[in-house]
Amino acid sequence: MSERPTPMRRVAFASCAGTTIEFYDFFIYGTAAALVFPTVFFPALGDSTASVASFATFAVAFIARPLGAIGFGHFGDRLGRKKTLISTLLLMGAATVAIGLLPGAATIGVAAPILLVTLRFLQGLAVGGEWAGATLLAAEYAPPNRRGLYAAFPQLGPAIAFALSSGTFLLVNRAVGETSPAFIEWGWRVPFVASALLVMIGLYVRLKVEETPMFRETTRTRASTQGPLAAALRHQWREILLGGGSLAMLFAFFYVGTAFLTSYGTTVVGLSRATVLTMGVVGAVVFGIVITLSAVFSDRIGRKKVVLASCLVAIPWGFALFPILDRGTATAFAIGLFGTLAIFAVSYGPAGAMLPEMFRTEYRYTGAGMAYNLAGVIGGGTAPYLASDFAEAGNTSAIGWMLAAFGALSVVCVLLMAETRHRVMTDAPQEADADTLAAVNV
């Protein structure tokens, strides 16, 4: 292998900075969907129905994410990780700023929610192409024995982004007042427009990183093989399905914890908006720490064992969550939120190394991206919407059953997967060395 053209610390920072910005843009939408979009874009539907409609637009991005994974994955596997990641960053930034400038239904009528859905779809395309490229950037540079650690840096992006999105809304909320009409009129737009500054920072960082050595070494192979999508589906369709199923619980817990509980805490539990947002910032710190620890631990005992433990714990926690929340206190809400995010984080830490290790270099961007975003569709695209619908009907126990079912699905998929910790990423999974085959049987 050729000498690394970029220091590992710069790669780690670039991968973390990029995912932070992309997911900040993604999360502020979820926060706004919980707090203000029902009033701004769906005022004629009534409070409950408007809230369900708002979370339905949130789910639109998860339909777009697999398309983004396929489209950007093709270019990422053909043209390079770096160029593609710059494209996803610019697309996300443009869509997010446009949402911040979009007039509400009171100004342009039905065109407002239609344009909102369109821009949300573009956000989904960008995030669909972002995650795989950022994790590949870290995993393909990282030394094999520390791949879990370095692949955790892009995984920290969502944790930092959740803290930034909650913190930004909290600052705006305090500046204009929680019950002030100014928050609904223009205050919520500030985090969206401000993302333009973050995008410029991220663009500068990513331009400083060279293409990964693994990608550059496969130039001849890429020229002589079929397209990355066809190759991934032909040779590793099983890994795509199992990878997606294994992380379905992760997405269900994460988006229920970050998007749905923001709304539930204010509308059902009766906590102030400032209290819920403050807990969001603290919760982000909690799952950022857990992500790091679980990723490091996966370098020692394997990705599969760590992810499996998370999925097993998720099943009973799904049943316990809403009885805890419905105690109606700030302490109970904090326990429910932090527990949900911690369970998600245990799986999320190893995932940054696990999915790239499952696929060949020639179509790794496409394969890992499809698996990851399949999980997003299964878990993240349905869980917040169904949770909102169940909550409106007063059936919170159904939310618990739903979360437990996602945990059970992921347990089955993880059990069917092979361990990837010792896998040589320049080899095909079926051509792994003896250490890999031994690890599979652990």
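Residues are listed down the side, and each one gets a yes or a no for (1) within 21 Å of the chain's Cα centre (by Cα); (2) over 22 Å from VAL286 (Cα atoms):
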| position | (1), (2) |
| --- | --- |
| ALA320 | no, no |
| GLU362 | no, yes |
| TYR365 | yes, yes |
| GLY369 | yes, yes |
Check your understanding: Do we have any residue at all in region 159-175 that's closer than 30 Å to THR292 by Cα, among the basic types (Lys, Arg) and assigned to a helix (DSSP H, G or I)?
Key -> no
Review point. Here is a list of conditions, (1) surrounded by 13 or more Cβ atoms within 10 Å (Cβ to Cβ); (2) modelled with pLDDT under 90, and LEU207 meets all of them except one; can you say which number that is?
Key: (1)
Check your understanding: Does region 94-112 contain at least one residue that is crowded, with 19+ Cβ neighbours inside 10 Å, assigned to a helix (DSSP H, G or I), out of contact with any Leu (no Cβ under 9 Å at 6 or more places or on another chain) and at pLDDT 90 or above?
Key -> yes
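Mind checking whether some residue in region 383-392 is open to solvent by 50 Å² or more (accessible area, probe 1.4 Å) and within 18 Å of the chain's Cα centre (by Cα)?
Yes.
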Check your understanding: Among the residues of region 269-278, is any among the small types (Gly, Ala, Ser), open to solvent by less than 10 Å² (accessible area, probe 1.4 Å) and touching a Gly at 6+ places or on another chain (Cβ under 9 Å)?
Key -> no
Practice item. Those residues that are part of a helix (DSSP H, G or I) and either buried (at least 16 other Cβ atoms within 10 Å of the Cβ) or of a type in the set (Asp, Glu) (or both), I need them from region 176-189; list them, please. Key: VAL176, PHE183, GLU185, GLY187, ARG189
Review point. For region 312-367, how many residues are of a type in the set (Lys, Arg) and open to solvent by less than 10 Å² (accessible area, probe 1.4 Å)?
Key: 1
**Study point:** Total residues in region 143-165, condition crowded, with 24+ Cβ neighbours inside 10 Å and more than 15 Å from the chain's Cα centre (by Cα)
**Key:** 3
Study note, to complete from the structure: The one condition THR366 fails out of (1) more than 30 Å from VAL269 (Cβ to Cβ); (2) modelled with pLDDT under 85; (3) β-branched (Val, Ile, Thr) is (2)
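The values are calculated or read from the model by the stated rules, or taken from the named source; none is laboratory data. These numbers come from a predicted model, not from an experiment. Neighbour counts run over all protein chains shown; Cβ positions are idealised from the backbone, glycine included. For accessibility, only protein heavy atoms count, side chains too; no ligands or nucleic acids. Shrake-Rupley method; radii C 1.70, N 1.55, O 1.52, S 1.80 Å.
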